[in-house]
Amino acid sequence: MIKLINIVNGNIVLIDLETPWVEKYRPQNFSDIVSQSIAIENIKDFITSNNMPHMIFTGPAGTGKTSTALIIAKEAIKSENYYINVLELNASDTVRMEYVRTVIKDFVNQNVMVGSNTVKFILLDEADNIPNQVQQALRRIIEKSSNDVKFILLCNYINKIIDPIISRCAVFRFVKLSKEKIIERLKLIIKKEGIKISPKKASEFYETLFFISEGDLRKAINTLQMAVALELIDNLDLAEILKISGFLDNNTFNKLILTIKEHNLNHAKDLIESIENLDSRNLIRQIINELPSLNINPSAYANLISFIGEIDYRISQGSDEQIQITALIAKLIRYSEG
Ligand SMILES: Nc1ncnc2c1ncn2[C@@H]1O[C@H](COP(=O)(O)OP(=O)(O)OP(=O)(O)O)[C@@H](O)[C@H]1O
Ligand SMILES: [Mg+2]
């Protein structure tokens, strides 16, 4: 197992780098799930009421949907029977109609239930990527399944699930995690792994990890582990942490902001061209964060925000990133009063 040796208060601590920390620290029971209290309370009520519906968990990435589904299945089914009574599938498995017809149908219909009162679960991850026609087939299986078979569908975008499925399920919405919750969880991992964070830079470090994460705890934990593996923690090299996460380091970013304040489009263009591996959508997030310092003309503010949305959309559709970012900078220069 790969370990990183770290010295904390004179003691040698071995940091585990081989196991992905998102798995190592995957919540094992409901009390480990942070935030999501509304969804979790309702889910617990359903479970204890012995009247569990089919369920859809929807919401942004890394907010605890898969973890919650696994906890439900684990709590309802004794461990030795888990693999007989739980079918975990990903949308990529279920894209083919044949697969849904045979594998899911067989699982639903088979009578090898072990133990009395046992429920069978079908966990469908990334259900929003299942083609509509296949969802129709799925809907018929859900309709016909007996009371002891429960479907749990997980998705980021519920509008991609067909209405007849939605109306047969209880929908639980998972939300992005707040800064406090993300930092709380990161601190727990840092403590358990015996990592030492210099108190002077700690708050800036956590702010940076939260900014990178966008409320996605998986991303926050992965960035932390990557920073430890690349030995960026001792000096808390925030510029490098931002860089490996696809953001501009503060130094370059501040230079770019200065070109806007000085209304110097040529410098801005040169700077943008000099950036290796430009991740333009991340850069847009950094720029939005910095808008208050740009002194934007109030009458142009709404216009600017809608322009930023348009640029982000164009890039998502494959437009040339440099051209789009340069257009955005030109607009910022126009509206910034320095
Ligand atoms: N609410 C949460 N409480 C505690 N840990 C969480 C929470 N959300 C995410 N995590 C952490 O992030 C990891 C990924 O979470 P999970 O797989 O449940 O996310 P998800 O919502 O299913 O994301 P996706 O939409 O990308 O599938 C977990 O292993 C856990 O370490
Ligand atoms: Mg998931």
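Using +1 at the Cβ of each Lys and Arg and -1 at the Cβ of each Asp and Glu in the chain, identify which of Ile212, Ile311, Thr94 lies farthest towards the dipole's positive end.
Comparing the listed Cα positions along the dipole, Thr94 ranks first.
Could you tell me how many degrees, from 0 to 90 and to the nearest 10, lie between the Cα long axis of helix 132-144 and the main elongation axis, the longest principal axis, of the Cα atoms of the chain?
40 degrees
Around Glu231, under 12 Å between beta carbons, what's the net of Lys plus Arg minus Asp minus Glu among the other residues? If you can, show how the numbers build up before the last one.
Values: positive: none; negative: Asp234, Asp237, Glu240.
Net of charged neighbours comes to -3.
In degrees, nearest 10, range 0 to 90: what is the angle between the Cα axis of helix 37-48 and the longest Cα principal axis of the chain?
10 degrees
Past 31 Å, Cα to Cα, is the threshold; run Lys187/Lys243; Lys44/Lys181; Lys219/Lys255; Lys200/Lys331 against it and keep the listed order. Kindly include the intermediate steps, with their values, before the conclusion.
On the way: Lys187/Lys243 22 Å; Lys44/Lys181 21 Å; Lys219/Lys255 27 Å; Lys200/Lys331 38 Å.
Exceeds cut-off: Lys200/Lys331.
What does the charge count near Leu87 come to, summing +1 for each Lys or Arg and -1 for each Asp or Glu among other residues with Cβ under 13 Å from its Cβ?
Values: positive: Lys105, Lys120, Lys150; negative: Glu88, Asp93, Asp106, Asp125.
Once positives and negatives cancel, what remains is -1.
Using just the Cα positions, wrap the range 36-173 in a convex hull and report its mean projected area in square nanometres, one decimal place. Provide the component values of the computation, followed by the final result.
Values: hull surface 30.5 nm².
Seen from a random direction, the Cα hull of the range 36-173 projects 7.6 nm² on average.
Quick one: among Lys181, Lys24, Lys65, which has the greatest mean-square fluctuation in a GNM of the chain with alpha-carbon springs under 10 angstrom?
Lys24
In whole angstrom, how far apart do the alpha carbon centroids of the range 48-94 and the range 204-226 sit?
Value for the Cα centre distance between the two parts: 26 Å.
Which order do Thr48, Thr66 fall in if you start with the one that has the fewest other Cβ atoms within 10 Å? Don't skip to the end; give the middle numbers.
Working: Thr48 9, Thr66 18.
Neighbour counts put them in this order, fewest first: Thr48, Thr66.
Based on Cβ point charges of +1 for Lys and Arg and -1 for Asp and Glu, what charge dipole magnitude is obtained for the chain about its Cα centre, in debye rounded to the nearest 20?
Here the chain has a charge dipole of around 860 debye.
Can you give the Kirkwood hydrodynamic radius of the range 250-335 from its Cα pairs, in Å with one decimal?
Evaluated on the range 250-335, it is 12.9 Å.
Under a plain spin-label model, where a point goes 7 Å from the Cα along Cα-to-Cβ, how far apart in nm are Glu143 and Ile47?
In this crude spin-label approximation the distance works out to 3.1 nm.
Give me the angle, in degrees from 0 to 90, between the Cα long axis of helix 179-192 and the longest principal axis of the Cα atoms of the chain, rounded to the nearest 10.
Once rounded, the angle reads 80 degrees.
Quick one: the Cα spread of the range 168-212 along its three principal axes, in angstroms, biggest first?
Reported extents, whole Å, longest axis first: 52, 22, 14.
So what are the chain's ellipsoid semi-axes, whole angstrom, largest first, if each one is the square root of 5 times an eigenvalue of the alpha-carbon gyration tensor? Walk me through the numbers before you get to the answer.
Numbers: eigenvalues 372, 157, 55 Å².
Three semi-axes, in Å: 43, 28, 17.
Coordinate-derived values only; no laboratory data. Since the model is a prediction, treat every value here as computed from it, not as a measurement. Heads up, the Cβs are rebuilt from the backbone with ideal geometry, glycines too, and the neighbour counts pull from every protein chain shown.
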